[in-house]
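> Provided herewith is a single structure, encoded as structure tokens, for subsequent inquiry.
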Amino acid sequence: MKQVFEILEKDSRTTPEEIATMTGIPVAEVEDIINKAERERAIVKYKTILDWRKLGEAEVLALIEVRIQPQMDVGFDALAERVYRFPQVRSAYLVSGGYDLALVVQGKTMHDVADFVAEKLAPLQGVQGTVTHFLLKRYKEDGEILVSGEEDKRLPITM
Amino acid sequence: MLDKVPPSGIRKFFDLIASMDDVISLGVGEPDFATPWHITETAIRSLEQGLTMYTSNCGMLELRQEVAGHLKATYGVEYDPETEVLITNGVSEGVDLAMRAVIDPGDEILIPDPSYVAYPACVLFAGGQPVWVPTSCDSEFRLRPEDVGVRITERTKGLLMGYPSNPTGAVMELSDLAKIADVAERHDLVVISDEIYSLMVYGTEPNCFASLPGMRDRTIVLGGFSKAYAMTGWRIGYAAGDSRFIGAMTKIHQYTALCAPIMGQVAALEALRAGAEEAGKMLEEYDRRRRVVIKGFNEIGLNCFEPRGAFYAFPSIVSTGLTSEQFAERLLLEEKVAVVPGTAFGPSGEGHVRVCYATSISNIEEALKRITLFVKRCRSKKRARD
Ligand SMILES: Cc1ncc(COP(=O)(O)O)c(C=O)c1O
């Protein structure tokens, strides 16, 4: 069963028929496994990793460290929600160490991101400080190496 | 004697492919994965530490101990790492050394047909005479004891076989091997067993010829790292056997190779100690591709028995009316898919092509589409002719 998810994690377009061929599990069973996981949100979503730059669209990403004040009863969660509801926030994590929230924030320009930090994020009650790191280059994402150099280097025929 | 060894049967294809783009190659005999990073990293560390010298002729003792430990743990066969294990420059060197150690001029060596191309060549280089033992798809390309038996003469010295097989993907189960062991016992044969793909089996357990009763002392086991750990470029293999064999092989090796490269030996040691998990992941991926390939060829009507080892399938192309060589050449020219004609591996390979599935599923699927078109064209031409 784990195999089904491993295959989908690598390529979410793989059809139940293809998965059945690859694993030897009957198609109907593969479909059941997938449907159940979708219902339980064990499969959260099917998405596409894009290189927007190649598509001619500018995109600026920043990793932002946020220190926040935990609140009575709700701890970090309430303030985290205030933060992650912003559409600019692509990912949000509560982390251990020198700060509390790690965010990936997206904008069209550096100004967009800077404005978001200065006008939306920093002024929130409970946010004690932020550190913004602009991403300069994406080497690897979700297990995929994005820079070139991954082409087949083998001789085309060997015995 | 050199004249008796034909140039490699794939040179022509190699040159053709070099002049084309957008070729999907199912003709590569090595993993598409890079060596697992922990192995590479260990070797880099060793280079940084200045481990750039010769090792003992037989290879680093630690590695020989680890090899002996692996053979004992996996198959229950025991070897003395001091005198019964030799580290070689790949299994390639192991095959050559074994032949030179075993063969007296004119000795005959039995070889399953089809087999890995180096076997008959090494027998000839060592002054021996290779004798093909045909295998066929009716018996899923397993070696049958009766076919071995009838080819034994007073000059027969030994049997050189490799299962799981390159090019067929066939495996020999322990029960199949036991029948071969009987023949070996009866005719006092030396058995050279190339087990480079032994860990790469699907739905069955790895085995070792030397683990059969009475076989250890007449068998030279050749094992390697190239395939299961994706380490073709590191050039490390090993030979294990009785000290009379390993001693003779070491004597040749010490003068002709001195030792295997130390960085490769360090990497191989790491592979044996900690490589099982990554090797297992690669094997799972090969198994998925294997199923796609078998189903794909059978749907096209190019009958393919279920290969249960290595990363090859050996479908029959007889229904196209072409020879193996014509099929491979025209498929390449017309649809830009490279496969290797079965005849490159021996006369019994006629009617088949070797398909290597060490490539991504998307490549395999695209190749199957192109082969479908090609085969349709061949069949309609064949009907028009008939
Ligand atoms: C059956 C068989 N034996 C030996 C070898 C050579 O292996 P190595 O890289 O260890 O020299 C190969 C490589 O294709 C093979 O298929």
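> Using a loss threshold of 40 Å², tell me which positions in region A:125-159 are less accessible in the complex than in their chain alone. Probe radius 1.4 Å, ligands and nucleic acids ignored.
With the partner chains in place, region A:125-159 has these residues losing at least 40 Å²: A:ARG154, A:PRO156, A:ILE157, A:THR158, A:MET159.
> Grab the beta carbon distance between A:MET1 and A:THR48, set R0 = 25 Å, and tell me the FRET efficiency rounded to 0.05.
0.50
> Moving on. Could I have the simple spin-label model distance between A:ALA114 and B:MET1, label points 7 Å from Cα toward Cβ, reported in nm to one decimal?
7.8 nm
> Skip the ligands, DNA and RNA, and give the accessible area per residue of region B:1-148 with a 1.4 Å probe, whole Å².
Details: 6720 Å² over 148 residues.
Averaged over the residues of region B:1-148, the accessible area is 45 Å².
> Per residue in region B:338-367, which ones lose no less than 30 Å² of accessible surface when going from chain alone to all protein chains (1.4 Å probe)?
B:GLU365
> Could you work out the local net charge near B:LYS72, counting Lys and Arg as +1, Asp and Glu as -1, over the other residues with Cβ closer than 14 Å to its Cβ? Each step should come with its number before you reach the end.
Working: positive: B:ARG64, B:ARG216; negative: B:GLU66, B:GLU78, B:ASP80, B:GLU84.
Net of charged neighbours comes to -2.
> With a 1.4 Å probe, what is the total accessible area buried between chains A and B, in Å² rounded to the nearest 100? Let's see the in-between values first.
Numbers: alone 12020 and 16180 Å², together 26280 Å².
About 1900 Å² of accessible surface is lost on pairing.
> Under the rule of at least 5 residues apart or a separate chain, name every residue whose amide H is placed under 5 Å from the amide H of A:ILE68.
A:ASP100, A:LEU101, A:GLN128
> Residues of region A:60-137: accessible area per residue at 1.4 Å, in Å²?
On the way: 4920 Å² over 78 residues.
I get 63 Å² per residue for this part.
> Please work out how much length the chain gains when fully extended from B:GLU185 to B:LEU258, using 0.36 nm per residue of separation minus the C-alpha to C-alpha distance, in nm with one decimal.
22.9 nm
> Also, quick follow-up: Of the heavy-atom accessible surface of chain A (probe 1.4 angstrom), what whole percent is carbon and sulfur?
52 percent
> With an 8 Å cut-off on Cα pairs and a minimum separation of 6 or more residues, tell me the relative contact order of chain B in percent.
Once normalised by length, the contact order is 23 percent.
> Under 10 Å from the Cβ of A:GLN106, count the other residues' Cβ atoms, weight Lys and Arg +1, Asp and Glu -1, and hand me the total. Walk me through the numbers before you get to the answer.
Working: positive: A:ARG90, A:LYS108; negative: A:GLU59, A:ASP112.
After counting each charged neighbour, the total is 0.
> If you don't mind, another one. Where Lys and Arg each count +1 and Asp and Glu each count -1, what net charge lies around A:LEU94 among other residues with Cβ under 13 Å from its Cβ?
Charge balance in the 13 Å sphere: -3.
> May I pose another question? In debye to the nearest 20, how big a dipole does region A:52-159 give about its Cα centre with +1 on each Lys and Arg Cβ and -1 on each Asp and Glu Cβ?
It comes to approximately 260 debye.
> Tally up the carbon and sulfur contribution to the accessible surface of region B:150-301 as a whole percent, 1.4 Å probe, everything protein left in place.
51 percent
> Select from region A:1-67 those chymotrypsin sites (Phe, Trp or Tyr not before Pro) which occupy a DSSP coil region and have at most 10 other Cβ atoms within 10 Å, ordered by residue number. Write down the numbers at each step before the final one.
Details: sites: A:PHE5, A:TYR46, A:TRP52; in loops: A:TYR46, A:TRP52.
Within region A:1-67, the qualifying chymotrypsin sites (Phe, Trp or Tyr not before Pro) (loop, at most 10 other Cβ atoms within 10 Å) are A:TYR46.
> Another question, then. Starting from the Cα of B:GLU299, step 7 Å along the direction of its Cβ; do the same at B:ARG377; then give the gap between the two resulting points in nm.
2.1 nm
> Another question, if that's okay. DSSP H helices in chain B with Cα extent of 15 Å or more along the helix axis and mean Kyte-Doolittle hydropathy at least 1.0?
On the way: long enough: B:37-48 (16 Å, -0.27); B:61-75 (21 Å, -0.35); B:90-102 (19 Å, 0.68); B:174-186 (18 Å, 0.15); B:243-256 (19 Å, -0.25); B:262-274 (18 Å, 1.04); B:276-300 (35 Å, -0.92); B:324-335 (16 Å, -0.57); B:361-385 (35 Å, -0.67).
What comes out of the filter, once short or polar helices are dropped, is B:262-274.
> So which GluC sites (Glu not before Pro) in region B:50-155 end up in coil per DSSP with only 11 or fewer other C-beta atoms within 10 Å?
B:GLU154
> Another one. Cα to Cα, under 26 Å, and not fewer than 8 places away if on the same chain: which lysines meet these conditions relative to B:LYS281?
Result set, ordered by chain and number: A:LYS2, A:LYS10, A:LYS36, A:LYS45, A:LYS47, A:LYS140, A:LYS153, B:LYS72, B:LYS227, B:LYS295.
> If you don't mind, another one. Counting other Cβ atoms within 10 Å, keep those with at most 14, restrict to DSSP loop, and tell me which GluC sites (Glu not before Pro) in region B:164-273 are left.
Passing sites in region B:164-273 are B:GLU173.
> Could you pull out every residue, at least 5 positions away or on a different chain, whose amide H is within less than 5 Å of the one on B:THR156? Hs are placed 1.01 Å off N in the peptide plane, and Pro or chain starts have none.
Result for B:THR156 returns B:GLU108.
> Here's a follow-up. Considering only C-alpha atoms, what is the centroid distance from region B:56-96 to region B:341-371, in Å?
Spelled out, the Cα-based centre of one part sits 33 Å from the other.
> Between A:ASP11 and B:GLU62, how high is the FRET efficiency from 1/(1 + (r/R0)^6) when r is the Cβ-Cβ distance and R₀ = 25 Å? Nearest 0.05.
0.05
> Continuing with this model, one more query. Provide the percentage of antiparallel DSSP beta bridges, counting only those with both residues in chain B; round to the nearest 5.
If we restrict to bridges inside chain B, about 40 percent are antiparallel.
The values are calculated or read from the model by the stated rules, or taken from the named source; none is laboratory data. Because the structure is predicted, anything quoted here is derived from the model rather than measured. Note: ideal-geometry Cβ built from the backbone for every residue, glycine included; neighbour counts use all protein chains shown. These area figures cover heavy atoms from the full protein model, side chains too; ligands, DNA and RNA do not enter into them. Shrake-Rupley method; radii C 1.70, N 1.55, O 1.52, S 1.80 Å.
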